[in-house]
Amino acid sequence: MTSENPITDPYGRPIQYLRLSVTDRCNLRCHYCMPAGGIDYVKRSMLLSYEEMYRLVNLLSEHGVGKLRITGGEPFVRKDLMKFLASISGLKNLKKISITSNGVFLGEYLPGLKDLGINSINLSLDSLDRKRFNEITRRDDFEKVMDTFHALIDLDFMVKINMVVMEGVNEHEINPMAELAMRYPISVRFIEEMPFNGGSGRQPTLRWNHVKIKESLHQHFGKLVPVASEKDSTAERFRAEDMPGDLGIIAAYSRTFCGTCNRIRIGATGGFRTCLYGPEVLNFRDFMRSGHSDDALIEAFKKVIEKRARNGLQAEKLAKEKSTSMSILGG
Ligand code: SF4
């Protein structure tokens, strides 16, 4: 089996895109993701090893999962990540590898990523104001992130900026952030805030939802022309006149795009989710460590895909834990 004929769920959605979290740890403390004191990180032995991740990525790529996003926590806090990326970048059934990072440590690895052919980076950036950046992330790393941003541009990476829009925090920065797409050939995406904050106490209100974000961009830019997106894209994309880049809105809490969802998630401890909002349905770490074969692993995989929820609203009803930190879920 190859990426040409993937495994499909009961609603006919092909499973083609794995979001793999390589660590639950992060160097930042964004309050829409975790409390100020962080979360209870697991012992290293409880994390998937690189060998176990390689086995999973390879096996799933042979069964139709040809697209991989490396996430965390912050992927670059895990030691030897580049060696792991080098090992999977040679897998023939893996068509695309991309990375989501907060950009603080990313800069020094950019030339190496280019050499591996990994040139699609999502940069999490929720403010262009140093003081507000510090308030949101509880760390003083704004300059480092902006240096990484400019290095990404200079080295011609495919850059998407992910800004989480938080009511009463940064909604007034939507338009200044969008202006970056007037200056650079990048995608600036605005994401509805989700409840995955590890119990940091924030309760997203959704007042700044995809409709309101769009209104703000329309008021600022006037006419916005829709831009075609890949079938499985979560972003509704637009472009203003003479804009080298583009803008995207991700209705992550409204969940307007579940009908074409081809995404699955494996957390850093091996937890498998068929939906971001759903419960852990299988633990691949435990499954592998109890000596099961690849065939048994794929059979177990198929079984849980057969029970996949129709959408994120249905999946959320099945989840006992509603505010697991995004650093655990892997985004
Ligand atoms: S909410 Fe769940 S089903 Fe909907 S797009 Fe996200 S992961 Fe897919």
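Observations on the model:
- Ranked packing of 62-74, 298-310, most packed first, by mean Cβ within 10 Å: 62-74, 298-310
- For the listed peptides 239-252, 79-92, a ranking on the average number of other beta carbons within 10 Å per residue, highest first, reads 239-252, 79-92.
- Pairwise Cα distances in region 205-331 exceed 26 Å for 37 percent of all pairs.
- A probe of 1.4 angstrom, applied to the heavy atoms of all protein chains, finds Thr274 with accessible area near 10 square angstrom.
- Over region 17-329, Cα pairs under 8 Å with separation of 6+ residues give a relative contact order of 21 percent.
- Scoring 53-61, 230-238, 287-295 by mean Cβ neighbours within 10 Å over their residues and listing the highest first yields 53-61, 230-238, 287-295.
- Charge context of Asp286, other residues only, Cβ under 13 angstrom, K/R +1, D/E -1: 0
- Heavy-atom accessible area ranking, 1.4 Å probe, most first, across Met194, Met34: Met194, Met34
- Taking the three principal axes of the alpha carbon atoms in region 17-329, the coordinate ranges are 58, 43, 40 Å, sorted in descending order.
- Straight Cα distances below 24 angstrom link Lys307 to the lysines Lys67, Lys231, Lys317, Lys320, Lys322, with same-chain residues fewer than 8 positions distant left out.
- Difference of contour (0.36 nm per residue) and Cα-Cα distance, Ser323 to Arg132: 66.4 nm
- Full extension of the segment from Asp115 to Val225, taken as 0.36 nm per residue of separation minus the current Cα-Cα distance, would add 36.1 nm.
- Using alpha carbons only, the radius of gyration of region 33-155 set against its Kirkwood radius gives Rg/Rh = 0.99.
- Of the beta bridges in the chain, as assigned by DSSP with both residues counted there, near 30 percent are antiparallel.
- Of every Cα-Cα pair in region 114-272, the percent that sits beyond 29 Å: 19
- If you take the Cα centroid of region 1-46 and the Cα centroid of region 243-307, the two points sit 7 Å apart.
The values are calculated or read from the model by the stated rules, or taken from the named source; none is laboratory data. Bear in mind that the values here come from a model prediction, so they are computed numbers and not experimental data. Using ideal geometry, Cβ is built from the backbone for each residue, glycine included, and neighbour counts are taken over all protein chains shown. Note: areas computed on protein heavy atoms with side chains; ligands, DNA, RNA excluded. Shrake-Rupley method; radii C 1.70, N 1.55, O 1.52, S 1.80 Å.
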